[in-house]
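The values are calculated or read from the model by the stated rules, or taken from the named source; none is laboratory data. This one's a predicted model, so the numbers in the text were calculated from it and none came from an experiment. Ideal geometry is used to build each Cβ from the backbone, glycine not excepted, and the neighbour counts take in all protein chains shown. Protein only, heavy atoms only, side chains kept; ligands, DNA and RNA dropped before computing areas. Shrake-Rupley method; radii C 1.70, N 1.55, O 1.52, S 1.80 Å.
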Amino acid sequence: MPTTPAPGRVAVLGAGPAGMAAALGALRAGHQVVVLERYREARPAGNILNLWPPPLKALRALGVDTVDLGAPTDSEFRNLEGKVRVRVKLDQAVKDEFGGGFIGLLRPELYRRMLAAIPEGTIRYGQQVDRISQDDREVTLHLSDGSSETHDVLVGADGIDSLVRRTLWGDAPKREHRLHIFGGFTFADVPGTTPNSCVLTHGPTVQGSWTSIRHEGRDGHQWWVLTGTDPDAPAPADLKAAATALAAQFPAPLPGLVAATADADVQRWVLRDRPALPQWSRGRATLVGDAAHPTSPYAAYGAGMSIEDGYFLGVALRGVDLTDPVAVAAALQAYEAPRRPHTARQVQQAYLLGKVFHHTPAALRPVRDFVFDHTPFLQKVAGDSNPKLINEQLALIEG
């Protein structure tokens, strides 16, 4: 009978959703895992969040408690007059299992649930890695305190400015979307909201959207407004005032949701990504999440794809002798080969949707809007394709 390989040593750089999912995946594959996080805690980068069903299924498979995690919603795109341009129509079996397509929640609860599933001591905080080197036998991490440590596999989950990505593939400029987003949340009772709903409304150059959320047993709503910006310009001094001005052109309940939001619960992000890499892994190191495929919120899939990455990496590492460089290379290639085209498509679609909705020249906007309002084009691109991709990804996840 074949023998089971001894547990390997896996290091994960970064304790965001991608890093935590990768750690859980590698632990469930039977390996020893350490997560190195440079901050003193695993801190959410932002407040509002939506997940599609595949990452929820991946979280379950990774041992994360997903009971009552978020509010399942049905999603629609509308124009300013309320005409529905897109309905995301999931298969009934998916709705029966997950309640809806877009799951509205807040990032802190996702972090809390994932952290609760990770064994105590797995994450080491305040660990700044300055340099990485590797050979056929091991990966060496050189820390800012002058110490070093070795591992069999390194997983770069260290975000859009990833040291691991830069070490493996060199530096490259980010791609600016020339857009920024203001977002927030409230648990106030605001007229015009409907339960389990996600409504994305587009004006000529601004998107204004809201969705139901559930957070720690409380029902509420999150919202966002998205428009063009100079990425080098300073942030507005008053984020809520800027969001209020943008939301004023939209129908209820969006202006009321913004008004009901505490100033401290409004955040802003400038949208950036990076072009797709032809390869994520080299030697004993690979990438997950934003280190591999930073994604605009227009895809609403960045955190979700990060979670899926961690799950699929764990599956690829099952039964692998991590002391064997050939076996490691084969496992990392098996992990990334199906993920690269899937994530590249989502990243590029998000980038293109941002350009179409916010950077179309003024003279062409009436033509754009006529196509969106009177043809099935947008339904096919944004509505019909999503359920198909959701089903494909669900089928790949066990359980």
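Along the positive direction of the dipole of the chain (beta-carbon charges: Lys, Arg +1; Asp, Glu -1; about the Cα centre), which of G101, T194, H177 reaches farthest?
Toward the positive end, the furthest listed residue is H177.
For the pair R365 and A344, how long in nm is the line joining their label points, each one 7 Å along Cα→Cβ?
It is 3.4 nm.
Which distance in Å, rounded to a whole number, links the C-alpha centroids of the range 338-399 and the range 80-95?
Centre-to-centre distance over Cα atoms comes out at 14 Å.
Where Lys and Arg each count +1 and Asp and Glu each count -1, what net charge lies around V328 among other residues with Cβ under 10 Å from its Cβ?
Values: positive: R284; negative: D136, D152, D321, D324.
Residues close to V328 contribute a combined charge of -3.
Quick one: order H374, H151 from most to least accessible surface, probe 1.4 Å. Please report the intermediate quantities before stating the final value.
Values: H374 125, H151 20 Å².
I get H374, H151, largest accessible area first.
Roughly how big is the range 85-152's charge dipole about its Cα centre, with Cβ charges of +1 (Lys, Arg) and -1 (Asp, Glu), in debye to the nearest 20? Spell out each step's value before the answer.
Values: 10 positive and 12 negative charges, 156 e Å.
Roughly 740 debye for the range 85-152.
What list of ³J(HN,Hα) values in whole Hz, one per residue of the range 42-50 in order, does the Karplus curve 6.51 cos²θ - 1.76 cosθ + 1.60 (θ = phi - 60°) give from phi, with Gly and Pro shown as x?
After applying 6.51 cos²θ - 1.76 cosθ + 1.60, I find 7, 10, x, 8, x, 10, 8, 6, 10 Hz.
Once the piece of chain linking A233 and F187 is laid out straight, how much longer is it, given 0.36 nm per residue of separation minus the C-alpha distance between them?
Values: separation 46, 0.36 × 46 = 16.56 nm, distance 3.19 nm.
Residue separation times 0.36 nm, minus the Cα-Cα distance, leaves 13.4 nm.
Could you pull out every residue, at least 5 positions away or on a different chain, whose amide H is within less than 5 Å of the one on G203? Hs are placed 1.01 Å off N in the peptide plane, and Pro or chain starts have none.
G208
Convert each backbone phi in the range 305-312 into a coupling constant with the Karplus relation 6.51 cos²θ - 1.76 cosθ + 1.60 (shift: θ = phi - 60°), then list the ³J(HN,Hα) values in order as whole Hz, x for Gly and Pro.
Each residue of the range 305-312 in turn: 5, 4, 5, 4, 3, x, 4, 5 Hz.
What accessible area, in Å² to the nearest ten, does a 1.4 Å probe give for R85?
Result for R85: roughly 20 Å² accessible.
Using a simple spin-label model with points 7 Å from Cα along the Cα→Cβ vector, what separation in nm is obtained for A334 and L143?
Each label point lies 7 Å from its Cα, and together they span 3.2 nm.
Pull up all non-local amide H partners of I48: gap of 5 or more, or a different chain, and H-to-H distance under 5 Å with H placed in the peptide plane.
R107
Using 1/(1 + (r/R0)^6) with R0 = 56 angstrom and r between the beta carbons of A327 and A264, what's the FRET efficiency to the nearest 0.05? List each step's numbers first, then the result.
Values: r = 50 Å, r/R0 = 0.89.
Efficiency at R0 = 56 Å is approximately 0.65.
For a label point 7 Å from the Cα of T375 along Cα→C-beta, name the residues of the range 72-94 whose backbone N is under 19 Å from it.
Inside the label zone: 77-79, 84-87.
Out of the range 326-398, which GluC sites (Glu not before Pro) are coil in DSSP terms and have no more than 13 other C-beta atoms within 10 Å?
E398
Could you run the Karplus curve 6.51 cos²θ - 1.76 cosθ + 1.60 with θ = phi - 60° over the range 353-363 and give me ³J(HN,Hα) per residue in whole Hz, x for Gly and Pro?
Result, ordered by residue: 4, x, 5, 5, 7, 10, 10, 5, x, 3, 5 Hz.
Can you give the Rg to Rh ratio for the range 293-399, taking only C-alpha atoms and Rh from Kirkwood? Could you put the intermediate results ahead of the total?
Numbers: Rg = 18.4 Å, Rh = 16.3 Å.
Rounded to two decimals, Rg over Rh is 1.13.
Between E176 and T4, what is 0.36 nm times their sequence separation minus the Cα-Cα distance? Round to one decimal in nm.
Gain on extension, E176 to T4, equals 57.2 nm.
Can you give me the Cα centroid spacing of the range 166-185 and the range 290-324 in angstrom?
18
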